[in-house]
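One structure is given here, and the rest of the page talks about it.
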Amino acid sequence: MTLLEFFSRFSREIAVGLSLKITATLCFLSLLSCETKINPTLENADALLVVDAWVNDKLGNQVITLTKTQSYFDSSLPPAVGGAVVSVVDDAGKVFAFNEDPASKGTYVWKPVGNERLGVPGTSYKLTIQAEGEVYEANSTMGRVPKIDTLTLTKNEPDQTNPDFYFAEFIARDFAGAGDTYWIRATKNGVLLNKPSDLNVAYDAGFSAGGNIDGFIFITPIRRGINPNDTDANDAAVSPYVPGDSVYVEINSITVQAFDYLQQVQVQTDRPGGFGELFARPVSNVSTNIVNLNKNGKKALGFFNVAAVTGRGQRFKKN
């Protein structure tokens, strides 16, 4: 039902007489032709700590960043939180100290020795942050992650709308045993696909626990979720890849709580805009696993997850 059809039916139910219907219709149409700018005044809220702690078992440095929340209409970079003490401890008591980068306030780095890695699948980890007189903690267990078997580039069939449209796809199989959750990330020609619409998470081989897709190859929408959704100046779809492009795909193991968190992030950031916002879920803070040990202290936002990662890259051959 269109908006005008809805309005017509609504006016018949609440109005009596043709003149009232015409008046209401004219008022409705006049509203459609008007646009008024408003500048709402929002209440100031206390700045909260924001923790970006997505670490993994890849070779190399691991980074945790600490910032603060800011006003909704403030377009500047979030203020960094310096002078904190940050560490991750595994369930055997091994400490991974994250030291603040002298050249980047609010950036805390763990540097491995030799081929040392942070994380072993099945191991639990606790993050501790001492910042601005508060102590925060979070817990995460590293899950298992499947290997990527192949990457493919497929061209649309000649009888389809755009014969020069290419899409990439990865093939991997979920482990047997329900409850594995993953974050699939793709890089095209060296650039990470990080738009809200690019967020690609999986519960076992499907979208959710209710899918009952355990131990299978990932379903097609997830396998093809590594394709960017780009458009040209006329809003026409652009081929995600062309021969000669490169793609690198990673599967990160995440906790079920992290899976829920990322889904909430997608809802809050991938907004429909325009009139569709009237029917969208209200903007709100997403969940967090960062806890202040002082129940009366300031809360924190963000998330802590320790991931096992597998990856595969390929450059597609030119015709």
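Some notes on this structure:
- Filtering the stretch 204-224 to residues that are in contact with an Asp or Glu (Cβ under 8 Å, 6 or more places away or on another chain) and closer than 19 Å to Gln264 by Cα leaves Asp204, Gly211.
- Here is the figure for the stretch 267-319: residues that are at pLDDT below 85 and at positive phi total 2.
- Residues of the stretch 146-176 satisfying the condition of being exposed (fewer than 15 other Cβ atoms within 10 Å of the Cβ) and either farther than 22 Å from Ile213 by Cα or in contact with a helix residue (DSSP H, G or I) (Cβ under 9 Å, 6 or more places away or on another chain) (or both): Thr152, Thr154, Asn156, Glu157, Pro158, Asp159, Gln160, Thr161, Asn162, Pro163, Asp164, Ile171
- Scope the stretch 228-241; condition assigned to a strand (DSSP E or B) and in contact with a Phe, Trp or Tyr (Cβ under 9 Å, 6 or more places away or on another chain); matching residues: Ala237, Tyr241
- Close pairs from the stretch 230-245: first at pLDDT 90 or above, partner among the β-branched types (Val, Ile, Thr), Cβ under 7 Å, at least 6 apart: Tyr241/Val247
- Which numbered condition Ala138 misses (of (1) in the same structural domain as Thr255 (by TED's automatic domain parsing); (2) in contact with a Phe, Trp or Tyr (Cβ under 9 Å, 6 or more places away or on another chain); (3) part of a strand (DSSP E or B)): (1)
Yes/no matrix, rows are residues, columns are (1) in the same structural domain as Asn294 (by TED's automatic domain parsing); (2) part of a loop (DSSP other than H, G, I, E, B); (3) under 30 Å from Pro240 (Cβ atoms); (4) of a type in the set (A, V, I, L, M):
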| residue | (1), (2), (3), (4) |
| --- | --- |
| Phe98 | no, no, no, no |
| Pro112 | no, yes, no, no |
| Glu116 | no, yes, no, no |
| Gly119 | no, yes, no, no |
| Tyr125 | no, no, no, no |
| Asp164 | yes, yes, yes, no |
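- Restricting the stretch 88-130 to residues that are without any contact (Cβ under 8 Å) to a residue 24 or more places away in the chain and under 25 Å from Asn294 (Cβ atoms), the residue that is surrounded by the fewest Cβ atoms within 10 Å (Cβ to Cβ): Gly93
- Condition broken by Arg144, with the remaining ones in (1) modelled with pLDDT of 95 or more; (2) more than 27 Å from Asp52 (Cα to Cα); (3) assigned to a loop (DSSP other than H, G, I, E, B); (4) in contact with a strand residue (DSSP E or B) (Cβ under 7 Å, 6 or more places away or on another chain) satisfied: (2)
- Residues satisfying the stated conditions in the stretch 217-259, i.e. more than 24 Å from Lys318 (Cβ to Cβ) and among the aromatic types (Phe, Trp, Tyr): Phe218, Phe259
- Condition met for Ser71 (in contact with a Leu (Cβ under 9 Å, 6 or more places away or on another chain), modelled with pLDDT under 60 and surrounded by 10 or more Cβ atoms within 10 Å (Cβ to Cβ)): no
- One residue from Gly179, Gly206, Gly143 being surrounded by 18 or more Cβ atoms within 10 Å (Cβ to Cβ), under 16 Å from Ala307 (Cα atoms) and not aromatic (Phe, Trp, Tyr): Gly143
- The listed residue being in a loop (DSSP other than H, G, I, E, B) and closer than 30 Å to Leu301 by Cβ, out of Gly244, Gly225: Gly225
The values are calculated or read from the model by the stated rules, or taken from the named source; none is laboratory data. No experiment lies behind these values; they were computed from the predicted model shown. Reconstructed Cβ throughout: ideal geometry from the backbone, glycine too, with neighbour counts over all protein chains shown.
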